[in-house]
1. So what is the relative contact order of the chain, in percent, for Cα pairs below 8 Å that sit 6 or more residues apart?
2. Roughly how many percent of the accessible protein surface of the range 322-419 is carbon and sulfur, given a 1.4 Å probe and a whole-percent answer?
3. Ranked from the most accessible area to the least, with a 1.4 Å probe and all protein chains present, what is the order of Ile327, Ile231?
4. Taking square-rooted eigenvalues a ≥ b ≥ c of the alpha carbon gyration tensor, is the chain rounded, prolate or oblate, where a/c under 1.5 means rounded and, failing that, a/b exceeding b/c means prolate?
5. Taking all protein chains as present, what is the carbon and sulfur share of the accessible area of the range 126-231, in % to the nearest whole number, probe 1.4 Å?
6. Given H placed 1.01 Å from N in the peptide plane, which residues other than close sequence neighbours of Phe268 have an amide H under 5 Å from its amide H?
7. Could you name the aspartates and glutamates whose alpha carbon sits less than 20 Å from that of Lys339, not counting residues in the same chain fewer than 8 places away?
8. How about the range 225-277: which GluC sites (Glu not before Pro) there are in a DSSP loop, with at most 16 other Cβ atoms within 10 Å of their Cβ?
Amino acid sequence: MSKVLIIGCGGVASVAISKCCQISDVFTDICIASRTVSKCEALAARLAPATKTKITTRQVDADKLEELVALIKDYQPDLVMNIALPYQDLTIMDACLATGVNYLDTANYEPEDITDPAWRASYEKRCQEKGFSAYFDYSWQWAYQEKFKAAGLTALLGSGFDPGVTQAYCAYAAKHEFDTIDTIDILDCNGGDHGYPFATNFNPEINLREVSAPGSYWEDGRWVEIPPMTIKRVYDFDQVGRKDMYLLHHEEIESLARNLPEVKRIRFFMTFGQSYLTHMKCLENVGMLSTEAIDFEGQKIVPIQFLKALLPDPASLGPRTKGKTNIGCIFTGTKDGRKKTYYIYNVCDHQECYREVGSQAISYTTGVPAMCGALMMLTGQWILPGVHTVEEFDPDPFLAALDKYGLPRRENRDPVLVD
Ligand code: NDP
């Protein structure tokens, strides 16, 4: 019997909530709280007839600590699942500390306002010290480590697919497949087609910021940064086929480098079609990806937020998207004195996801691990006071839950490697 407060009701949260409602004996009570309460009410009305989970809804602005604290005190959840945006991570963590409740999210903190001088100063220091320039990094949330420990509370960071499942795959490989891992390549392939010339599969602002940033990877104990989209490979993905993929910076590289220090190289690749890249470059060149407000006819407008209003809502892509995703990790290393390679991945079909929960596979592959992470915490299997990422926990029950609830693993012991 558990009460869970879920903050956010967008593409990912809708899937996580739908999946929680399939396991009513664990998720007995859910409160969906978001900025636009009508979306929470519509989802609750859709799910209520087919679940025993008691669903309530509330309006909350998760940028306001006092609103969050009042809501948590009133609802008294066992866990807060933050499936809003990375901008809200620190406020929601503060609210959990103030009320003594465990915390889970799906993406690490980044600020909404990257012009804020205080944030900018520590960002520039970090760029110099660490050698990568992404706006997001774990330092802000790792700074809560002692506070969560002292309060006896667990914060599980990044329980989506990547970050999330990819780290569980790494923990699994380290536990069962290798004595030493030398290299990890994380490959994220979306072979889906929604029929639009340009649309993003999840929140456009977060997605476009990530993709237009310089790429970076971890090698021999340091970050190597490259201009955006300058390392390209072609890979033949199981059940999807040959795709162009590009090296990106990605948040789980940072925690994996810390938690698996023997690994010599960690890279992340994501597939993109030429049409997506051409549109993105053009939008970037004309300033539409900027997060800095401009004055337009007496009004302040943030270009990327205006662009978001023009683009298709990611939640509306579900019925149109056909094809599959294939996301996983390729490892090289040694077992029992022998060199070996290993590939563990999941293939997910956009249309099957839509039939099951009314969403495409990108939201599905993030929402299901969010639910499974919550399941691990609520059943006591992943409770460890402090602030932790997925690879710090036993991967076995989590991967078993993913197998059972819609994201089964596949394995290949002789994969083609990425050069
Ligand atoms: P959406 O934009 O679809 O949904 C975001 C939700 O958060 C909306 O319901 C929005 O409300 C709500 N929200 C935004 N700001 C606030 C606020 N101040 N207070 C309360 N609610 C707020 O995003 P996605 O569902 O695509 O993404 C959700 C999260 O998942 C993001 O953090 C994203 O980075 C992460 N993600 C992680 C992945 C992984 O593999 N780990 C992959 C994909 C996404 P409103 O309706 O009013 O806008």
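The values are calculated or read from the model by the stated rules, or taken from the named source; none is laboratory data. Since the model is a prediction, treat every value here as computed from it, not as a measurement. Here Cβ is always computed from backbone atoms with ideal geometry, including for glycine, and neighbour counts include all displayed protein chains. Calculation scope for accessible area: heavy atoms of the full protein, side chains included, ligands and nucleic acids excluded. Shrake-Rupley method; radii C 1.70, N 1.55, O 1.52, S 1.80 Å.
1. Taking the mean separation of contacting Cα pairs over the length of the chain, I get 20 percent.
2. Looking at the range 322-419 in its full context, I get 48 percent from C and S.
3. The ranking, largest first, comes out as Ile231, Ile327.
4. rounded
5. Ligands and nucleic acids excluded, carbon and sulfur reach 50 percent.
6. Residues meeting the criterion, in which the H sits 1.01 Å from N, are Ile186, Leu248.
7. Straight-line reach from Lys339, under 20 Å: Glu177, Asp179, Asp182, Asp185, Glu219, Asp220, Glu262, Glu411, Asp414, Asp419.
8. The qualifying sites are Glu262.
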